[in-house]
Amino acid sequence: MKQLFHSIGAVALVLGLLGCKRAPSNLLQGYVEGEFVYVSAPQGGKLAKLNVQRGAQVKAGDVLFELENVAETAARDEASQRVQQAKNTLADAQKGKRPTEIASLEAQLKQAREASALAEIELARQLELTKSGAVAVDSTDQARSANVQNHKKVEQLEADLKTAALGMRSDAVAALEAEMKAREAALAKAAWDLSQKQQSAPQAAVVNDTLYREGEMVAAGKPVVSLLPPANIKVRTFVPQTRLAKLKVGDAAKVRLDGTAEALNAKVSFIAAQAEYTPPVIYSQENRSKLVFMIELRFDDGVAAKLHPGQPVDVEFAP
């Protein structure tokens, strides 16, 4: 009788195990993961305006937040004025002297030429008188000297007039040009510093979280808003090593969500190069089936928008 009870119990256990055994399935469990984009400013300051809220949809270029920028605006305006000052100085150096100064030099040159012409006439007259003995040789020498001086005066004024039209020397002008470029670079830096006080969405996304409130101080480089673009949403699942040989990047897959009958289309975007296993096992013919490889799936943006990080899913690969 005792042996009969043992036999009946063994049969019942086997039947129970067979009854509990699940039907074979091609589905693998997985979960949704998001790669968040954290938007920060390279410079710190008080958060003056937060333009978005959690859960909002933003387009590329939409302003997310603005930091206080009084000091940066003043620095930009000062740099702009310095650039204008350098441009005016360079332009003045390239123009030469003012028109009234050139007119004065031209008038002096005209007078010098007239004086030189009279000196030549006087010299010729003195030479004739000297030949006739009417005047002493000293008078002729004085007339000749006056004529030479007047010629030199004309040459000097002609050179001064040409110099006045040229402006400053080339090396001085080059120095002013270098100064202007340096101030333009300082202006570009000041304008960039000001622009960084306002940050925009780099791409279309959902606002996952806002990390500061208006009026709070934000340290340089600290994220203020986290975004989740549709392209950054993926599904992770783990495939037994026995099925790995049948998969490759680009393969199609179906992803099923709880509570929805329609499967989502996805493609394999990544296959891990190394195996994972839990709990630790020893490589052997008997237990190597416990090894799994991580697979990542990506979606079109419109499909990815329906998924949420942490959401459990079922993944089905083509047989």
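The values are calculated or read from the model by the stated rules, or taken from the named source; none is laboratory data. Everything numeric in this text was worked out from a predicted model, so none of it was measured. Don't worry about glycine lacking a Cβ; one is built from the backbone with ideal geometry, like all the others, and counts go over all protein chains shown. Please note that ligands, DNA and RNA were not included when accessible areas were found on the heavy atoms of the full protein model with its side chains. Shrake-Rupley method; radii C 1.70, N 1.55, O 1.52, S 1.80 Å.
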Inset, instruction - Give the residues of the stretch 33-57 that are open to solvent by 70 Å² or more (accessible area, probe 1.4 Å) and more than 30 Å from residue 255 (Cβ to Cβ), sorted by residue number. - result: 46, 49
Inset, instruction - Looking only at the stretch 280-300, decide whether some residue is of a type in the set (Asp, Glu), under 18 Å from residue 33 (Cβ atoms) and at pLDDT 90 or above. - result: yes
Legend entry - Hits in the stretch 52-84 (condition: in a helix (DSSP H, G or I) and in contact (Cβ under 8 Å) with a residue 40 or more places away in the chain): 72, 73, 75, 76, 78, 79, 80, 82, 83
Inset, instruction - Can you give me the number of residues within the stretch 206-247 that are under 25 Å from residue 61 (Cβ atoms) and without any contact (Cβ under 8 Å) to a residue 24 or more places away in the chain? - result: 1
Inset, instruction - Hey, could you check the stretch 206-222 for residues that are part of a strand (DSSP E or B) and open to solvent by 60 Å² or more (accessible area, probe 1.4 Å) and say which is nearest to residue 54 (Cα to Cα)? - result: 208
Legend entry - Unique match (being within 24 Å of residue 141 (Cβ to Cβ), in a helix (DSSP H, G or I) and among the charged types (D, E, K, R)) among 114, 101, 106: 114
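I'd like the full set of residues that are out of contact with any Phe, Trp or Tyr (no Cβ under 6 Å at 6 or more places or on another chain) and surrounded by 11 or more Cβ atoms within 10 Å (Cβ to Cβ), limited to the stretch 246-259.
The answer is 246, 247, 249, 251, 252, 254, 255, 256, 257.
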Legend entry - Test: residue 203 is outside any helix (DSSP H, G or I), touching a residue at least 60 places away in the same chain (Cβ under 8 Å) and touching a Pro at 6+ places or on another chain (Cβ under 7 Å): yes
Inset, instruction - Could you tell me which numbered condition residue 235 fails, if it satisfies all but one of (1) under 39 Å from the mean Cα position of the chain (by Cα); (2) surrounded by fewer than 16 Cβ atoms within 10 Å (Cβ to Cβ); (3) among the aliphatic types (A, V, I, L, M); (4) not in a helix (DSSP H, G or I)? - result: (2)
Legend entry - Some residue of the stretch 181-193 being surrounded by 13 or more Cβ atoms within 10 Å (Cβ to Cβ), touching a Phe, Trp or Tyr at 6+ places or on another chain (Cβ under 9 Å) and over 30 Å from residue 104 (Cβ atoms): no
Legend entry - Identity of the residue in the stretch 159-180, surrounded by 12 or more Cβ atoms within 10 Å (Cβ to Cβ) and not in a helix (DSSP H, G or I), that ends up modelled with the lowest pLDDT: 167
Inset, instruction - Keeping to the stretch 260-271, report how many residues are open to solvent by less than 80 Å² (accessible area, probe 1.4 Å) and in contact (Cβ under 8 Å) with a residue 24 or more places away in the chain. - result: 6
Inset, instruction - Return yes when residue 64 is surrounded by 12 or more Cβ atoms within 10 Å (Cβ to Cβ), hydrophobic (A, V, I, L, M, F, W, C) and at pLDDT 95 or above and no when it is not. - result: yes
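Can you find a residue in the stretch 241-261 that is touching a helix residue (DSSP H, G or I) at 6+ places or on another chain (Cβ under 8 Å) and modelled with pLDDT under 95?
The answer is yes, given that some residue of the stretch 241-261 is touching a helix residue (DSSP H, G or I) at 6+ places or on another chain (Cβ under 8 Å) and modelled with pLDDT under 95.
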